[in-house]
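A.B. asks: First the structure, which I've put down as structure tokens, then a few questions once you've had a look.
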Amino acid sequence: DGMEVLLQSIAVYRKADPQTEVECEFLENTFDALAATLLREDNVENFVEYQGIELMLRCLREKVHSGGGALKVLNFAVSGSARSVSEEAATNITDGNIKGVNDAYKKACETFIQAGGLKVIFPLFMARKGAIPCPALCSEAGSNLAKRAMSNSAHKDDNAKGALSKRAKKAAHARKKWLAEVEQNVIYIMYALTRYIDEKSPHDAHARLLVKFVEEDCEKCDRAVELCLKYDEKARIAEYHYFKSDEAEEAEQLGADVDLAALDAKLRNGGDVFHRGCAILSFACAGSTRCHRHVRDQLKLQGSGISVIKAGLAEFSSLLINGSQKDQIENYLSSI
């Protein structure tokens with residue numbers, strides 16, 4: 001069975017890092033192949049059946065190189081298609097529950113929580129240094145050169161940064177890319193959990209997920225606000241740069257839809273993550289009045305307001321076709 005072979009290949013590295021560049025490339029390719037298979041719903045079912053979620057969580061708990069790929073695979077396993085179920089399964093609804101295209105991903109989310117995934121994902125969501133998987137020394141992102149370059153950058157040593165070689169800059173870029181991918185995959189996983197976990201989910205999964213946002217004086221809400229504002233800014237800057245670019249001018253001359261191209265640039269450079277961050281925050285606000293008040297206060301402290309979150313949700317909804325996902329986002333809009 002192909003799924004079993006892929007999981008067995010990854011299991012070798014659940015506690016130990018690859019030792020050579022060839023091993024590292026093999027592991028990365030295996031993760032990519034596994035993630036690609038999860039675009040099919042039946043493969044997601046096999047992945048859950050073969051305890052793939054538990055294996056990915058083991059990789060993350062060990063904080064080794066395989067943890068980075070494990071987050072990518074978990075993202076594919078729980079996220080499902082961006083398309084609404086109305087396209088593929090609207091005709092298959094029983095007792096108010098959607099059957100068909102979303103079943104496997106909902107089951108994956110429930111299995112993720114049952115396997116203790118919340119204890120793994122929330123420290124990553126909070127960017128706890130001790131929770132982030134470390135790239136292997138044989139990888140560019142994990143090399144000593146990358147660590148030194150990042151250390152110099154963190155201390156804002158202008159002389160050191162100016163003296164960095166091209167190789168050091170490339171290594172530092174690889175390290176930043178690794179950390180960015182970890183952060184974004186965590187946000188996608190968190191959004192999938194808020195999308196598929198409901199009050200009918202077993203083992204009190206919905207209550208367990210919601211209470212995470214309330215505990216510790218709503219610190220997860222603070223983090224969600226921070227991420228929303230961060231990615232909103234990145235997306236707006238990307239959109240602005242596109243409108244000012246020669247590419248936009250050329251597109252306008254050719255009669256192309258410049259606004260649509262600008263939206264594409266916005267989504268590819270943080271907008272898509274921003275939308276999901278808004279949905280995560282709205283899940284907490286809709287489920288807890290305490291979280292709702294706290295988020296409003298926190299946004300005010302940051303010189304912003306709930307209107308930023310509402311604008312993100314409205315844009316997200318406008319990009320979705322009719323179905324349960326769009327309905328959920330619109331319910332958030334009316335709730336917050």
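A.B. asks: In the set E49, E62, E45, which member is open to solvent by 20 Å² or more (accessible area, probe 1.4 Å), modelled with pLDDT of 95 or more and over 23 Å from E110 (Cβ atoms)?
C.D. replies: Exactly one of E49, E62, E45 is open to solvent by 20 Å² or more (accessible area, probe 1.4 Å), modelled with pLDDT of 95 or more and over 23 Å from E110 (Cβ atoms), namely E62.
A.B. asks: Out of the residues in the range 285-336 meeting the condition of being without any contact (Cβ under 8 Å) to a residue 60 or more places away in the chain and among the polar types (S, T, N, Q), tell me which one is surrounded by the most Cβ atoms within 10 Å (Cβ to Cβ).
C.D. replies: The residue in question is S317.
A.B. asks: List pairs: first residue in the range 100-128 and within 23 Å of E181 (Cβ to Cβ), second residue of a type in the set (D, E) and modelled with pLDDT under 95 anywhere in the structure, Cβ distance under 9 angstrom, at least six positions apart or on different chains.
C.D. replies: Matching pairs, first to second residue: Y105/E41.
A.B. asks: Mind listing whichever residues of the range 254-273 are open to solvent by less than 40 Å² (accessible area, probe 1.4 Å) and not hydrophobic (A, V, I, L, M, F, W, C)?
C.D. replies: Scanning the range 254-273 gives K266, G270, G271.
A.B. asks: Taking only the range 212-228 into account, find how many residues are open to solvent by 20 Å² or more (accessible area, probe 1.4 Å) and out of contact with any Ser or Thr (no Cβ under 6 Å at 6 or more places or on another chain).
C.D. replies: 8
A.B. asks: Output the helices (runs of 4 or more DSSP H) that fall wholly within the range 99-218 and possess 1 or more residues being modelled with pLDDT of 95 or more, or say none.
C.D. replies: Those helices (runs of 4 or more DSSP H) span 103-114, 117-125, 166-196.
A.B. asks: Look through the range 167-210, keep the residues that are exposed (fewer than 14 other Cβ atoms within 10 Å of the Cβ) and of a type in the set (A, V, I, L, M), and return whichever of them is nearest to R290 (Cα to Cα).
C.D. replies: Once the filter is applied, the top-ranked residue is A207.
A.B. asks: Can you pull out every residue in the range 229-253 that is over 30 Å from R128 (Cα atoms) and either open to solvent by 80 Å² or more (accessible area, probe 1.4 Å) or not in a helix (DSSP H, G or I) (or both)?
C.D. replies: Y240, H241, F243, K244, S245, D246, E247, E249, E250, E252, Q253
The values are calculated or read from the model by the stated rules, or taken from the named source; none is laboratory data. Keep in mind that what you see is a predicted model, and the values were worked out from it rather than measured. Quick reminder, even Gly has a Cβ in these numbers, built from the backbone with ideal geometry, and neighbours come from all protein chains shown. Accessible surface areas use protein heavy atoms only, side chains included; no ligands, DNA or RNA. Shrake-Rupley method; radii C 1.70, N 1.55, O 1.52, S 1.80 Å.
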